[in-house]
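**Q** Attaching a single structure in C-alpha cells format; questions to follow.
The values are calculated or read from the model by the stated rules, or taken from the named source; none is laboratory data. Everything numeric here is computed off the predicted structure, so don't read it as measured data. Neighbour counts run over all protein chains shown; Cβ positions are idealised from the backbone, glycine included. Accessible surface areas use protein heavy atoms only, side chains included; no ligands, DNA or RNA. Shrake-Rupley method; radii C 1.70, N 1.55, O 1.52, S 1.80 Å.
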Amino acid sequence: MADSSIVTLGTARSLLVDSSVYDSRIAETTKDHVFLGMSYMLPKVETRVVLVGEAARNGALVKALQVHDSYDINTPYIVTDNVQELGDGENTDFETVFVLTDFDSSDYNYLYKRENRIIGPPVVLHCAAKREALHFSCRPLYSTTMLNLSLCFTGFRNKEEMKNLVNLVHHMGGTIRKDFSTKVTHLVACSTHGEKYRLAVCMGTPILTPSWIHKAWERRDDVYFHAGEEEFRTQFKVPPFQDCSLSFLGFSEDEKTNMEERTLKHGGSYLEVGDENCTHVVVEENSVKELPFSPSKKLFVVKQEWFWGSIQMDARAGESMYLYEKNDSPAMKKAVSLLSLTTPNSNRKRRRLRDTLAQLTKETEISPFPPPRKRPSAEHSLSMGSLLDISNTPETCKAFTESSKPSKSSTPVLSKQSARWQVSKELYQTESNYVDILNTILQIFKLPLEKEGQVGGPILAQEEMKTIFGSIPDIYEVHTRIKSDLEELLTAWHEDRSVGDIILKYSKELVKAYPPFVNFFEMSKETIVRCEKQKPRFHAFLKINQAKPECGRQTLVELLIRPVQRLPSVALLLNDIKKHTSDDNPDKMRLEKAIESLKEVMTHINEDKRKTEGQKQIFDVVYEVDGCPANLLSSHRSLVYRVETIALGDQPCDRGEHVTLFLFNDCLEIARKRHKVINTFKSPLGQTRPPPPLKHIALMPLSQIRRVLDLQDTEECVNAFALVVHPPTEHENLLFSFQLAGEETIKSTWLRTLCRHIANTICRADAEDMIQCTDPDSLQVSTKDMDSTLSKASRAIKKTSKKVTRAFSFTKTPKRVIQRAFMANNTPDEKSQKLSCENRVGSSSTLAVSLSVYLSEEIISLSLGRQYKLSATSSSCTGKVPTPK
C-alpha cells in the first residue's frame, strides 16, 4: 500500500467521512467542526455500490444490498469485473463505493491511487445487521473489527513493520494517535521501556503486542467479532519481563527456583549473577549487605518488591522506586560495646551486667505509659541498678497522667510493682499488639484487595474475599474497645480495679465475632493456597506485603491464625491475674466469670480442628519429665521444638548441667538431666516403666522472655545463646545462658523459631527484631573448660555440698524422718538414754550436726572411697566422730 494512506487525508470527497472513523488529527482541531458543518451544506449525492469480482458472487452480500424489510441499506448496486470502467471518478451523479474482497489485488491498487472509496464485504454485512447506512471513511475500510478503538505505538524500530500495522488498523476501522493521552484505548508495544509504556501502566491502559493486530486481521471476515473483546485481547498482553534478563541474589534455592520459573512464565529470562547480558539483579535486601560485583550503569539493581509488584500489576514496574541501596545503618548493633572491658571489681561487673540486660529489654518493652519524671537533681543520683526497672509503677504512671495536680512530697517513694499489675499490664500489651496485627490484616491486605480501579482489574472475586477475611472487621472492632478500656484501667490503676468486668462487658460480642471465623479458618486457609497457585497476581500481592515491616515478613495465613490463638492466650493471662489476686478482692469472682465466658466462646470452635498428634507429644513430655506441671496439658498447646543444651550460668540451674528445652507454641518447659536414678517405677499391675530421665526446673510463658541473645562465637564461647527473662514476681531481669549440645541443631533456625512463637504469643509482627547479636564477654558468658576434669570435679563438689546442706536443713527434713533416724540406731536400753540426751540438746546446731553425720554417711563414703561405721549413740550424745575401721 502506498505511503499516502498514512499521511494524506484524501480529496474534497473525504469531507463526508463519519465522525467515528475519521482521522484523529482532524478531530483534535477546531477546523474539524467547520468541515463537518460544510458537509451538510454540500448537495446530496446518491450512493452507488459496485461489487467487484468475487464480491458479486457473495450471496449474503447481494441479499444485504437488496430492498428488504429486514435491511435498511436500500442502495442500488452494479456488478463489474473491470474496475477501470467505473473507477476513473468522472461520474459526478453518484457517490460510488467499491466493494472488494482482496485489499492486495491490482484492482485495489488501481482504485486506491485514484482515491476511490473502497470497503470490504464485512462492512456491508455489519451495517445491514445493525440497520445502519454504509460507513464513510477517507481510507479503505475492509471491516469494523477495530471500530471505535484508538491505538498508539511505542518501541518500534522497523518503520516498514509499523507502516503495515497502521494500514491494518485503518482497514479494520481503528484510528492512530501519535501521542499517548486519555483518548488512547490500547497501546501496542514492542518493549517495556519508554514514557508511553509508563503512562499506560499508570492509567491502566491495555498494553498489547503487535500479534494482536495480526490475529484480528485474520478474523476480519467475522462480522460479529471485535478486537476489543477482553477474552481475545488478554492473549496478547505484553508480559512484564519482556526483553528483561534477571538474576537473583540472596534468595534460598527454593525461592530462587520459584522466581526463575515465574520469570519465564511472564516473558523474561534469567541468568547467573554477574552475567554481562543481565538487565536486572533482584536482591533480597534483608540478607544481602553488599553486592559481590560492581554494577554497570545500564544494570538495574532492584529489591524483590519490584519483581513481585510487576507480576501483581501484570506490567513492568518502574525501577526508580525499588532501587537497592546498601543497608549500612546499624539499627540493632548498639549492644554492649561500652561493657566489653573487664575489671577485677565484681560489684562493677555485676552493675554492668544488670545495665546490659536493662538496655536489651528496654528496646522491646511496649508500654502505654511514659517514663516517670525525675527532678533535675536526681538525674545524677540514680544508681545503675535502677535501669533494670524496665516498667513504671502504677503510682508513677498515675502521677504522670495527673501531673497537673501538685505533688505532696518533693521526693515521692516508688512502691514495688505487684504481680497482679505486672500480668494486667502484660494483658494490655498483648492486646495492643493483637489489635495492631488485625489492623495490618485490614489495611495491608483486605482494603487494597477491595479497592476499585486496580491496575489489571480485581485480583480476587468478592466470594473469595468474603471466605478469606470473614468476620475480621468485627473482631477488630471489639478488641479495639477492649484495648481502650484496659489502657484506661492501667492508667488509673489500683488493686481494686476490675479486669474481669472488661472481658464480661464484651463477652456477647466475642461470641458473635469469633466462631464464624475460627470454624471456617481451614476453608479460609485453603482458599488462600488455591488462589495463590491459580492467580499469579495474588501470589505477587502476598509476596509484596510479606516484605513490608508491618507484617514482619509473615504470610497472610500466619497473620490470620492469630484470632484462632488469641482467646486461649487471654484465658491463660486471666488465670494468671486471678492467681495473683487476693481472695478478698472483688475482682477474683469477676475473673472467674470472665474465664468461663471465654470458655463458652471456645466451645463453639470445631473440636475436629484440634491436633491429636500434638496432644500425644505433650503426653510424652509429661512422662519424660519428672515433676512436670499438670497445666502443661492443654487442648490449644502443641510441641514445636526440642533442644538439648548445657547451662552456662547459675540460672535456671547450675553451670554445666545438661538441660533440655521443650518449646511449645506459648511456653517453654526447662528440664535438666537427672543426677541419679534410685529405682524404677512399678505400677500396681506389676508392669515397670523406666524412671523419667529429666527433672522439671521451670515452665515459663513465652511472654516473659524479653530478648533472645545470639552470642557471637569467640575462642572462649562457641555455639551459645541466652535469654533475658523477666518473671512477674521478680523485679530484675534474669539471664539464662546455654550452649547447644550436638551438631543436629542449627542455632539460627532454633532462635528464629523461638522468636517467631514469642512474637505470636505477645501479638507482635517484628519477630526477627527480638534477636540481638551480642558479644558474650559483655555478659560474662563462656563455654571454655566445660568438659575439663577440674570443671567436672567442681560441679561434683557443688552437688555434694548441696546434699549436705539439705541434710543440715530442718526446713526440708520432716520430724518423722529425724525420729526414725535416731530410733533405728539405738538399742532398747539406749532409747531412754537417747531421749534424755535429746532433751538436753539446747541448740538446733548440735542436733543438726548429729543428724547430718547419720544422713551424710552415704555421701562421705562415696567421697573418700571408704566405708565408715558410725556409732549412733556416741555421735548423737557426745558428738564425737568414730575412728574408721
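**Q** How much length would be gained if the chain were fully extended between Asp766 and Glu319, taking 0.36 nm per residue of separation minus their Cα-Cα distance, in nm to one decimal?
**A** Between Asp766 and Glu319, full extension yields an extra 158.2 nm.
**Q** Okay, next question. Would you mind working out the accessible area per residue for segment 44-235, using a 1.4 Å probe, and quoting it in Å²?
**A** With the other protein chains kept in place, segment 44-235 gives 49 Å² per residue.
**Q** Could you check how much of the accessible area of segment 245-321 is carbon and sulfur, as a whole percent, using a 1.4 Å probe?
**A** The C+S portion of the solvent-accessible surface of segment 245-321 is 47 percent.
**Q** Using a 7 Å offset from Cα along Cα-Cβ at Glu522, what residues in segment 547-587 end up with backbone N under 17 Å from the label point?
**A** Within reach of a label on Glu522, which here means backbone N under 17 Å from a point 7 Å along Cα→Cβ, segment 547-587 contributes 561, 564-565.
**Q** Between Asn82 and Glu46, what length comes free when the chain is fully extended (0.36 nm per residue of separation minus the Cα-Cα distance, one decimal in nm)?
**A** That pair, Asn82 and Glu46, stretches by 10.8 nm at full extension.
**Q** Using amide H atoms built in the peptide plane, which far-off residues or other-chain residues are under 5 Å from Ala315 H to H?
**A** Here the answer is none, since no amide H 5 or more places off falls under 5 Å of that of Ala315.
**Q** Further, regarding this structure: For segment 659-664, in order, what is each residue's ³J(HN,Hα) by Karplus, 6.51 cos²θ - 1.76 cosθ + 1.60 with θ = phi - 60°, in whole Hz (x at glycine and Pro)?
**A** Result, ordered by residue: 10, 10, 9, 9, 8, 9 Hz.
**Q** Using the structure shown, list the pairs from Lys237/Lys543; Lys215/Lys525; Lys466/Lys548; Lys113/Lys215 with a Cα-Cα distance above 32 Å, or answer none.
**A** Flagged as over cut-off: Lys215/Lys525.
**Q** Could you rank the peptides 149-162, 639-652 by their average count of other C-beta atoms within 10 Å per residue, with the highest value first?
**A** In decreasing order of mean packing, 149-162, 639-652 become 639-652, 149-162.
**Q** Using the Kirkwood radius built from alpha carbon pairs, what does the Stokes-Einstein equation give as D for segment 44-235 at 20 °C and 1.002 mPa s, in µm² per second?
**A** Rounded, D is 120 µm²/s.
**Q** Going 7 Å from the Cα of Ala60 along its beta-carbon direction, which residues of segment 129-144 have the amide nitrogen within less than 11 Å of the resulting point?
**A** Inside the label zone: 129.
**Q** List every residue whose amide H lies under 5 Å from the amide H of Thr47, counting only residues 5 or more places away in sequence or on a different chain, with H placed 1.01 Å from N in the peptide plane.
**A** Glu95
**Q** At 1.4 Å probe size, with no ligands or nucleic acids counted, give the accessible surface of Tyr142 in Å², nearest ten.
**A** Tyr142 has an accessible surface of roughly 10 Å² with all protein chains in place.
**Q** Just in segment 454-502: which GluC sites (Glu not before Pro) are loop by DSSP and have at most 14 other Cβ atoms within 10 Å?
**A** Glu495
**Q** In whole Hz and in residue order, list the ³J(HN,Hα) couplings for segment 245-259 that follow from phi through the Karplus curve 6.51 cos²θ - 1.76 cosθ + 1.60, θ = phi - 60°; x for Gly and Pro.
**A** Running phi through 6.51 cos²θ - 1.76 cosθ + 1.60 with θ = phi - 60° gives 10, 9, 10, 10, 10, x, 9, 5, 4, 5, 5, 5, 4, 4, 6 Hz.
**Q** Per residue of segment 746-758, in order, report the coupling 6.51 cos²θ - 1.76 cosθ + 1.60 (Karplus, θ = phi - 60°) as ³J(HN,Hα) in whole Hz, putting x for Gly and Pro.
**A** For segment 746-758, the Karplus curve yields 8, 4, 5, 5, 5, 5, 5, 5, 4, 5, 4, 7, 5 Hz.
**Q** Can you tell me which of 311-320, 259-268 comes out highest on packing, and rank the rest after it, using the mean Cβ neighbours within 10 Å?
**A** Ranking, from highest mean packing down: 311-320, 259-268.
**Q** Tell me, in nm to one decimal, what length is gained between Ser181 and Glu195 on full extension, where the rule is 0.36 nm per residue of separation less the Cα-Cα distance?
**A** Here the answer is 3.9 nm.
**Q** If amide hydrogens are placed 1.01 Å from N in the peptide plane, which non-local residues have theirs closer than 5 Å to the one on Tyr270?
**A** It is Leu246, by chain and number.
**Q** Compute the Rg/Rh shape ratio of segment 245-321: radius of gyration over Kirkwood radius, all on alpha-carbon atoms.
**A** That ratio equals 0.92.
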